[in-house]
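First up is the structure itself, then whatever we jot down about it.
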Amino acid sequence: MSDAMSRPGTLVGQRVLRVNDGKLLTGAGTFVDDLHLPGTLHAVVLRSPIAHGRLVAFDAAEALTMPGVVDVLAPEEARDATRPLRCVWLMPGQGQVDYPVVPRVVRHVGQALGVLLATSVAAAEDGAERVRMEFEELPCVVDVEAALGDAAPQLDPGCPGNVAVDLPRGDPPDAVEAAIARADHVVAMRFAIQRLAGSPLEARGVVASWSPATGELTMWSSTQVPHHARDHLAGALGLALDRVRVVAPDVGGGFGPKDHLYADEVLVCLAAMRARVPVKWIEDRREAFTATVHGREQIHEARLAFDDDGRFVALHSDVLADLGAHPSNVGAGPAFVATGMLEGPYRFDSSGGRVRGVLTNKTPAGAYRGFGMQQAAWVRERLVDEAARTLGADPAELRRRNMIRADELPYTTHTHQNYDSGDYAAALERATELVGEGLPAAPDDGRRRGVGLCSYVEFTGLGPSAVQEIVGFALGGYETAVVRVEPDGRATVLTGVSPHGQGLETSLAQLAADALGLPITDVRVVHGDTATAPYSAAGTIASRSMTVGGGAVVRAAGRLRVKILDLAGHLLEAAPGDLEIIQGVVQVRGSPTAAVPLRTVAEKAWLAWGLPPGMAPGLEEKDLHDPQDISYSYATHAAAVAVDLATGRIEIERYVVVHDCGVIVNPMIVDGQTHGGVAQGIGNALLETLVYDDVGQPRIATFHDYVLPGTGEVPDMVVEHTQTPSPFIPGGMKGMGEGGTIAPAAAIGNALANAVPEIAHLVTETPMTPARVWGWLDAAGVATDW
Amino acid sequence: MTVARPRTLAEALGALEATPDAHLLAGGTDFMVEVNFGHRRPTDIVALRRVVELQGHEHADGHVTLGAMLTYAEIEADLAEDFPALAAAGRTVGSPQIRNAGTIGGNVGTASPAGDTLPLLVALDAEVDLAGPEGTRTVALDEFITGPKRTDRRPGEIITRVRVPRVTGPQQFLKIGTRNAMVISIACLALVLDLDARRVRCGLGSVGPRPLRPRAAEDFLSGEIDWDGPRAAPGAVRRFAELVAEACTPITDQRGTAEYRRHAAGVLARRAVERSLQS
């Protein structure tokens, strides 16, 4: 690292207010639905009303006579005009590697079949009701274990037994079994994690516009991944990449599900190409519950083996991942990560797992904040507490005894995670300390009280491209930044990552402003348009934007700083090493009269007159950052709960997070992300679930029954950070967008089991609703009727 | 689809006469959800929000009449002293936006088994005023609601007011859902200790096809309470809760099992009595 890059800045670590909040808070943001192109037609996506069946008749004749209806793209037409969408994360032996834009046999309620265009949304919806679709219904399967049964309908010829993926993880099975067999104790439990919806404030949406003159298709999309979407859109429609442009305008949240291009989005683009006018489609919430990928649903048969002295010997989980109708973009990826991160912050003699990705007639399951690590934490941390109960040990002490010590890092796990840096036990100590502080004496209200912990290590900053090649995730793992000081002395940062609520417009600007000595208001971050943004294969997913994307900004801005100082030194006749940049003025350190405004330096650079010999014109640096390795954030969460034995209701009375995500660029944003993540994790723990009936109809498709956490359920929380810089990332950041969601269910579940040890063996499923918890209390004979 | 927006009751009745199958629209908090889901395909709508005769509330001799278009928000603001349990029910119904829209007439007319205002209204022996082509009539709410989302409203009739007797004594509204508010009830209960009549009044929601009145439980506890306290022996309260639970005829759905609903109603009954006796 050059001196210029390592110089301590003034903006990194500051609680800078988010630069784009004014726009968003005053309603001046531009989301997809705010785009109004002249002549726009409105699309309704025609969808399957059944879970499994063959479309045998399609008749839009009557619909086309309806007022305002302009065109109907029929399933056959769409199928002829498109190529299948590729699954991006392919596991070895995966039985289905792509899926058609329009299937001949539908596999879930909500699957897209065609598009109707009309002059208004209302006319389109009325028209869609007159489209006649007839199906030959096929038997369906909605339960993942039933899908494995001999009698289950087979959904895909490439996936016999409905198993799309079946692979071992970690140590060879024999080795794990041998280790388990020689341990003094084994805790074996079956865990079920529910199906969830990502539920961003803004659902998906597309405006598509085709220019017959240039043969160029533009798709404005509420997406996390403009380049990824562009690549797949061009592929699906057989267009050259240079003829497809994808723009992500303001995007109101993603949480994972907007990490790829959807079949319905292809259909809307295809309809726009045929109509030769812009077409808008805005997903409504009911569609979002069936057409946008779900997350989480897994069953773990898991075992933790340990000795009398509390030493962990082995860990194993046999995972059934309910993939839904077909492998999504990421397929069994969340289960792969769940097993990959199962070991968490502890040492084991042996560890491993088995991942089976199974097809069912439900909406495909894909990326959702936490991506398998929530499941890993729930399974491991519940087992750890049950091991402590078996031994009569203190759960914190048992964790401490088995935690990988700071001096053991870097440390390679049995699933080949190379944990980088940190002090896991320090977070545990502090969280344990904090959760006890400030807890008032428990009132005598008949409720039981308990405290629970969850410690985890988080895989962030996906990733070195070489790692993605090894795991078969066909996305380049690098990010590119272009940092430019414009002739007026202001800076522009072009980034390939695509912020959709994380505050990257601010935190990336902080990195650049810090290096360039500019006020934050003089830096603009430009993103989200494939016509202007550097290529980004993976986009904003996997807590990678500040590590991979931010690292690129740090390096590009650092090099630009060196050039600025070289040129300013030339102008001031001073040694570059004696210069500093303060608020847009380059000056000799300690001698403010010998100074030149950065604007003047920039003018000279872009005019290219009188540059030092060999210096190229301009002030622009580009950096392509393929990180050296994965960054591992970590935390311990602690929850204190009160449990009503009569109703089963859990109240969170105190919630503590002690977290390390490396260097913190903007503590306010990091705290906010943590608060939001914990809130979402509380939804996972206590409230949210998607339920299907026996014939594959969703029983929950509105927020009436899909209960999102609100102020009543999310307590004030204590969030503290330590900062162990990533050794691999320029700037030292580690990823943190997902962390908050990983731990709450396990911390709350452990607190529940601590409060009511009689039901500890039953605390295996989420959400822990009052009705479910009461069922456990009743089964254990501890429910009261008071 | 036609939408009539009458300003007077006469206009509203006229509109209903002109389009006999029209759906009556109050706050729309239930109806619009059904329309958006395609469960209802109204061809004609008569929107009642502007009808002057349906607004506000009046105190009359021994009771308060609530205009059918009285919103939850208005109940919270104006009637918390008269009917604290009704205000409490209103506060748990939904977000402020829902509470600004949803009306008492709509809650009665929709007759959802989970309608949160209904348990208190049945417990207080509220009556429903209707206006129709044959004139006006008044029906006991308990008789008016005949089943899940079914009422005795006759063709051409409009609910104009709900008459709620004023009762002296503590009242409680308690609810169990996936959370406390902003969510549909898994079980809810309203309890009134009618100190003048020395009578326990109780209404139950979400535990049967219609709001229930556990009369055997009421009779039992009315006879057990020492009304000069008022006080009740713990054993009596327990028995009351058991009788309340026995009165339930719940179903199992994705929100909760019948068993949990029945149990929860008993828990709410005990807690409501306890709180009433303490207050």
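The values are calculated or read from the model by the stated rules, or taken from the named source; none is laboratory data. Because the structure is predicted, anything quoted here is derived from the model rather than measured. Please note: Cβ atoms are built from the backbone with ideal geometry, for glycine as well, and neighbour counts cover all protein chains shown.
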- Query: If the Cβ limit is 8 Å and pairs must be 6+ apart or interchain, which residue in the range B:17-38 that is part of a strand (DSSP E or B) pairs with which residue that is surrounded by 16 or more Cβ atoms within 10 Å (Cβ to Cβ) and of a type in the set (Gly, Ala, Ser)?
  - Reply: B:Leu24/B:Gly109; B:Leu25/B:Ala47
- Query: Can you tell me which residues in the range A:595-616 are touching a residue at least 12 places away in the same chain (Cβ under 8 Å) and within 21 Å of A:Arg555 (Cβ to Cβ)?
  - Reply: A:Leu598, A:Val601, A:Ala602, A:Ala605, A:Met615
- Message: Would you confirm whether or not the range B:51-60 contains a residue that is out of contact with any His (no Cβ under 6 Å at 6 or more places or on another chain), under 17 Å from B:Phe173 (Cβ atoms), surrounded by 24 or more Cβ atoms within 10 Å (Cβ to Cβ) and not hydroxyl-bearing (Ser, Thr, Tyr)?
- Response: no
- Tell me, please, whether a residue that is in the same structural domain as A:Gln417 (by TED's automatic domain parsing), out of contact with any helix residue (DSSP H, G or I) (no Cβ under 8 Å at 6 or more places or on another chain) and assigned to a strand (DSSP E or B) can be found in the range A:664-685. no
- Residue hits (the range B:163-219; among the hydroxyl-bearing types (Ser, Thr, Tyr), over 20 Å from B:Leu277 (Cα atoms) and more than 15 Å from the chain's Cα centre (by Cα)) are B:Thr178
- Query: Residues of the range A:390-407 being touching a residue at least 40 places away in the same chain (Cβ under 8 Å) and closer than 19 Å to A:Leu342 by Cα, which ones?
  - Reply: A:Pro395, A:Ala396, A:Leu398, A:Arg399, A:Arg401, A:Asn402, A:Met403, A:Ile404
- Message: Suppose we filter A:Asp184, A:Asp143, A:Asp150, A:Asp171 for residues that are within 24 Å of A:Phe371 (Cα to Cα) and surrounded by fewer than 18 Cβ atoms within 10 Å (Cβ to Cβ); which single one remains?
- Response: A:Asp143
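Yes/no matrix, rows are residues, columns are (1) closer than 18 Å to A:Arg204 by Cα; (2) buried (at least 24 other Cβ atoms within 10 Å of the Cβ):
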residue: A:Gly235; (1), (2): no, no
residue: A:Asp242; (1), (2): no, no
residue: A:Ala271; (1), (2): yes, yes
residue: A:Ala275; (1), (2): no, no
residue: A:Gln298; (1), (2): no, yes
- Determine whether the range A:691-714 contains at least one residue that is in contact with an Asp or Glu (Cβ under 6 Å, 6 or more places away or on another chain) and more than 14 Å from chain B (Cβ to nearest Cβ). no
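Listed residues A:Val319, A:Val279; which is of a type in the set (Val, Ile, Thr), under 22 Å from A:Leu167 (Cβ atoms) and at pLDDT 95 or above?
Values: A:Val279 fails: under 22 Å from A:Leu167 (Cβ atoms).
Result: A:Val319 is the single residue among A:Val319, A:Val279 that is of a type in the set (Val, Ile, Thr), under 22 Å from A:Leu167 (Cβ atoms) and at pLDDT 95 or above.
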- When (1) within 14 Å of the chain's Cα centre (by Cα); (2) buried (at least 20 other Cβ atoms within 10 Å of the Cβ) are applied to B:Val46, the one that fails is (1)
- Query: Out of A:Trp786, A:Trp774, which single residue is among the aromatic types (Phe, Trp, Tyr), over 23 Å from the mean Cα position of the chain (by Cα), within 14 Å of chain B (Cβ to nearest Cβ) and crowded, with 24+ Cβ neighbours inside 10 Å?
  - Reply: A:Trp774
- Query: Hey, A:Val670 hits all of (1) away from chain B (no Cβ under 14 Å); (2) farther than 30 Å from A:Ile520 by Cα but one; which does it fall short on?
  - Reply: (2)
- Might you check whether a residue that is of a type outside the set (Val, Ile, Thr) and either outside the structural domain of A:Gly662 (by TED's automatic domain parsing) or in contact with a His (Cβ under 6 Å, 6 or more places away or on another chain) (or both) occurs anywhere in the range A:759-781? no
- Item | Conditions (1) over 30 Å from A:Ile759 (Cα atoms); (2) of a type in the set (A, V, I, L, M, F, W, C); (3) under 23 Å from the mean Cα position of the chain (by Cα): number failed by A:Cys454 | (1)
- Note on the structure: Filtering helices (runs of 4 or more DSSP H) wholly in the range A:255-342 for at least 1 residues that are in contact with a strand residue (DSSP E or B) (Cβ under 8 Å, 6 or more places away or on another chain) and within 20 Å of A:Ala208 (Cβ to Cβ) gives A:263-275, A:285-291
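Take A:Gly610 and tell me if it is on the phi > 0 side of the Ramachandran plot, surrounded by fewer than 18 Cβ atoms within 10 Å (Cβ to Cβ) and in contact with a helix residue (DSSP H, G or I) (Cβ under 7 Å, 6 or more places away or on another chain). Reasoning before the result, please.
Working: on the phi > 0 side of the Ramachandran plot: yes; surrounded by fewer than 18 Cβ atoms within 10 Å (Cβ to Cβ): yes; in contact with a helix residue (DSSP H, G or I) (Cβ under 7 Å, 6 or more places away or on another chain): yes.
Yes: the conditions hold for A:Gly610.
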- Can you name the helices (runs of 4 or more DSSP H) wholly within the range B:212-279 that have at least 1 residues being within 14 Å of chain A (Cβ to nearest Cβ), within 30 Å of A:Thr689 (Cα to Cα) and free of Cβ contacts under 8 Å to residues at least 60 places away in the same chain? B:234-247, B:258-278
- Selection count, the range B:186-211, where residues are part of a loop (DSSP other than H, G, I, E, B) and away from every other protein chain (no Cβ under 14 Å): 8
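So, A:Val678, is that one surrounded by fewer than 19 Cβ atoms within 10 Å (Cβ to Cβ) and either more than 9 Å from chain B (Cβ to nearest Cβ) or at positive phi (or both) or not? Steps first, please.
Numbers: surrounded by fewer than 19 Cβ atoms within 10 Å (Cβ to Cβ): no; either more than 9 Å from chain B (Cβ to nearest Cβ) or at positive phi (or both): yes.
Taking the combined requirement at face value, the residue does not satisfy it.
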- Residue check, A:Gly551 against (1) out of contact with any helix residue (DSSP H, G or I) (no Cβ under 8 Å at 6 or more places or on another chain); (2) in a loop (DSSP other than H, G, I, E, B); (3) of a type in the set (Gly, Ala, Ser); (4) crowded, with 24+ Cβ neighbours inside 10 Å, all met but one. Which one? (2)
- Query: A:Asp629 fails exactly one of the following numbered conditions: (1) in contact with a strand residue (DSSP E or B) (Cβ under 8 Å, 6 or more places away or on another chain); (2) surrounded by 19 or more Cβ atoms within 10 Å (Cβ to Cβ); (3) more than 14 Å from chain B (Cβ to nearest Cβ); (4) farther than 20 Å from A:Val482 by Cα. What is the number of that condition?
  - Reply: (2)
- Note on the structure: Just one listed residue, out of A:Pro67, A:Pro92, is of a type outside the set (Val, Ile, Thr), part of a loop (DSSP other than H, G, I, E, B) and either within 21 Å of A:Asp156 (Cα to Cα) or touching a Leu at 6+ places or on another chain (Cβ under 7 Å) (or both), and it is A:Pro92
- Query: Residues in the range A:737-760: is at least one away from chain B (no Cβ under 11 Å) and free of Cβ contacts under 8 Å to residues at least 40 places away in the same chain?
  - Reply: yes
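Hey, could you check the range B:39-62 for residues that are among the small types (Gly, Ala, Ser) and outside any loop (DSSP other than H, G, I, E, B) and say which is farthest from the other protein chains (Cβ to nearest Cβ)?
Here is the first cut: in the range B:39-62, the ones among the small types (Gly, Ala, Ser) are B:47, B:56, B:60, B:62.
Applying the additional criterion that residues be outside any loop (DSSP other than H, G, I, E, B) yields B:47, B:60.
Working: B:Ala47: 18, B:Ala60: 36 Å.
Out of the qualifying residues, it is B:Ala60.
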- Considering each of A:Ile652, A:Ile700 in turn, give the residue that is assigned to a loop (DSSP other than H, G, I, E, B) and of a type in the set (A, V, I, L, M). A:Ile700
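Tell me, please, whether a residue that is in contact with a Cys (Cβ under 8 Å, 6 or more places away or on another chain) and not charged (D, E, K, R) can be found in the range A:254-274.
no
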